[in-house]
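The values are calculated or read from the model by the stated rules, or taken from the named source; none is laboratory data. All figures in this text were calculated on a predicted structure; none of them were measured in a lab. Don't worry about glycine lacking a Cβ; one is built from the backbone with ideal geometry, like all the others, and counts go over all protein chains shown. Each accessible area value is taken on the protein alone, full model and side chains, heavy atoms only, with ligands, DNA and RNA left out. Shrake-Rupley method; radii C 1.70, N 1.55, O 1.52, S 1.80 Å.
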Amino acid sequence: MKIAVAGGTGTVGRKVVAAVESAGHEAVVLSPSRGVDLVTGEGLDAALAGCAGVIDVANTAVWDRESAERFFGTVATNLVEGCARHGVGHLVVLGIVGTDEVDLGYYYGKRLQERIVSEGRVPWTILRATQFFEFAEQNTARAEGDVVELMPMLSQPVATEDVAERLVELVTGEPQGRARPLAGQEKLTLAEMARLLFERTGDRREIRVRELGEVGAQLASGALTPSGEHDRGKRTFADYLAALEV
């Protein structure tokens, strides 16, 4: 089976490509470095030719609502239209657990993405997952100085490998609409994840949790953790830390 991976060079995208190939399928990477611009649509038609399924894990580092909606809305529209033109039978999109509950600008973009896909004419599946194990490293890497300020977030982090494997299972099966969410095995705050990461890497910076008002209260209360039936990944955060090269 020929499967296109939108955002196939990113943090989770690379794992999805590996999972596609490990399952014996052919992966087609949709990214600028491979001649495909998901925003302008340049190169998309040529890349989608002959594909039976598409997995969309494309991402962008924008946090305001306008930019997030512009990116995710444009990419979703281009993928739906491209899949329809080329007879792609299944479009699988990676979403985020809790995006309907927390009014962050980035999440407005993810909501729009899901709406466009679910209202489109291509058979679809949306898999919502929790934050990745890499989330702590991504957040602490942006901090400058000796103090790291983090959001008061409670999560149930999951391995990108588990997410990738599940996405491949879904795209090779029948479209499900909204699939059961995927989360990790344990709940951890972002600060707890960072402290465990720092213990593993020897990072001596101080960790502080900053106040974020109403949104912060939502994050701290577990709005980004699954509240109903969900699947759990096989790997633990301890597994992730043990595999880090330090």
Among [x] 52, 36, 36; [y] 68, 47, 34; [z] 49, 45, 35, the entry derived from the coordinates for Cα extents along the principal axes in Å: [x]
Segment 11-85 - accessible surface per residue (Å², probe 1.4 Å): 46
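Contour minus end-to-end for Ala143 and Ala18, with contour as 0.36 nm per residue of separation and end-to-end as the Cα-Cα distance?
Values: separation 125, 0.36 × 125 = 45.00 nm, distance 3.07 nm.
Extra length from Ala143 to Ala18 when fully extended: 41.9 nm.
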Surface per residue (accessible, 1.4 Å probe) for segment 110-182, Å²: 42
Inter-part distance where segment 184-246 and segment 6-81 are each reduced to a Cα centre, Å: 27
Theoretical ellipticity at 222 nm over the chain - DSSP helices of four or more residues, -39500 (n - 2.57) apiece, nearest 500: -12000 deg cm²/dmol
Whole-Hz ³J(HN,Hα) from phi, Karplus 6.51 cos²θ - 1.76 cosθ + 1.60, for segment 6-12, glycine and proline x: 6, x, x, 10, x, 4, 8
Karplus (6.51, -1.76, 1.60) ³J(HN,Hα), θ = phi - 60°, over segment 60-73, in Hz, Gly and Pro reported as x: 8, 8, 10, 10, 7, 4, 4, 5, 5, 5, 5, 5, 5, x
Gain upon complete extension [Asp100, Asp239; 0.36 nm per residue less C-alpha separation]: 47.0 nm
Among Arg115, Arg128, Arg204: highest mean-square fluctuation, GNM of the chain, C-alpha pairs under 10 Å: Arg204
Most mobile listed residue (Glu134, Glu42, Glu229) in the chain, GNM with C-alpha springs under 10 Å: Glu229
Added length on full extension, which subtracts the Cα-Cα distance from 0.36 nm per residue, Arg65 to Arg115: 16.5 nm
Low-density loop cleavage sites - GluC sites (Glu not before Pro) in segment 147-197, where at most 16 other Cβ are within 10 Å (DSSP): Glu186
Residue with peak Gaussian network fluctuation, the chain [Cα springs, cutoff 10 Å], from Leu150, Leu30, Leu91: Leu150
Cα gyration tensor shape of segment 4-114, rounded if a/c is under 1.5, else prolate or oblate by comparing a/b with b/c: prolate
